[in-house]
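Colleague: Have a look at this one.
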Amino acid sequence: MLDAGCWMSINSLPTVALSQVAEELLTLAYESGINFFDTAEVYAAGKAEIVLGKILKKKNWRRSSYVVSTKIFWGGKAETERGLSRKHIIEGLKGSLERLQLDYVDIIFANKSDNHTPMEEVVRAFTHVINMGWAMYWGTSRWTPMEIMVRAKLHLSRVCRY
C-alpha cells in the first residue's frame, strides 16, 4: 500500500498556489492508484486537513475508493488540546473531521505515546470513537514495541469481546 502524505509547509507558497499544487498532486496520485491519504491535526496547524478536505469534496471521489488517516497528539497550545486524554482524542478527532469535511476517517493514529494519560483511558477513548463511527481503526505512530504490547493486551482483554 502506498500513501500520499499530506504534510505541507503552508508558509512556502501563497494559499491559492498551495491549494492548486496540492490538488494537482493528489489528483495525479489518485489517478495513478494511490488512494491512501495521511495527515495530522498538527500539520500546518490544521491547514493540511482543510486543504485535503476541500480537494476530496471538490473531486467527489466515492468515499469507499480512498483511505484517510489522521494523527492525534499535538492539537493546540492549551494543555487540554494536547496528548491522548479522552477529551483530546474525542475533541481532536471531531476537529479533524470538520476540517476534512468527512463523516469518518479510516484510521486514527496516536501520534506519540502519552505518559501522562493512563493506558486504559487511551484505549477506551479510541474504542469509543470507533464505536461512534468516527474512525474505522486506530493505530500508533512512534510507539515502542513494549508500549504497543501493553496497550494491545489491555485492548484485547478489556474492550474487545467478540
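Colleague: Quick check: is even one residue across the range 70-84 at pLDDT 90 or above, surrounded by 14 or more Cβ atoms within 10 Å (Cβ to Cβ) and of a type outside the set (A, V, I, L, M)?
Modeller: yes
Colleague: Additional query: Could you list, in sequence order, all residues of the range 98-115 that are at pLDDT 90 or above and in a loop (DSSP other than H, G, I, E, B)?
Modeller: Listed by number, the residues that qualify are Gln101, Leu102, Asp103, Tyr104.
Colleague: A further question follows. Output the number of the condition that Arg142 fails; it satisfies all remaining conditions of (1) in contact with a His (Cβ under 6 Å, 6 or more places away or on another chain); (2) part of a loop (DSSP other than H, G, I, E, B).
Modeller: If we test Arg142 against (1) in contact with a His (Cβ under 6 Å, 6 or more places away or on another chain); (2) part of a loop (DSSP other than H, G, I, E, B), just (1) comes out false.
Colleague: Quick check on my filter: what residues within the range 128-162 are at pLDDT 90 or above, surrounded by fewer than 17 Cβ atoms within 10 Å (Cβ to Cβ), within 21 Å of Arg82 (Cβ to Cβ) and of a type in the set (Val, Ile, Thr)?
Modeller: Answer for the range 128-162, where residues must be at pLDDT 90 or above, surrounded by fewer than 17 Cβ atoms within 10 Å (Cβ to Cβ), within 21 Å of Arg82 (Cβ to Cβ) and of a type in the set (Val, Ile, Thr): there is none.
The values are calculated or read from the model by the stated rules, or taken from the named source; none is laboratory data. Remember, it's a predicted structure, so these values are computed and weren't measured experimentally. Virtual Cβ from ideal backbone geometry, glycine too; neighbours counted across all protein chains shown.
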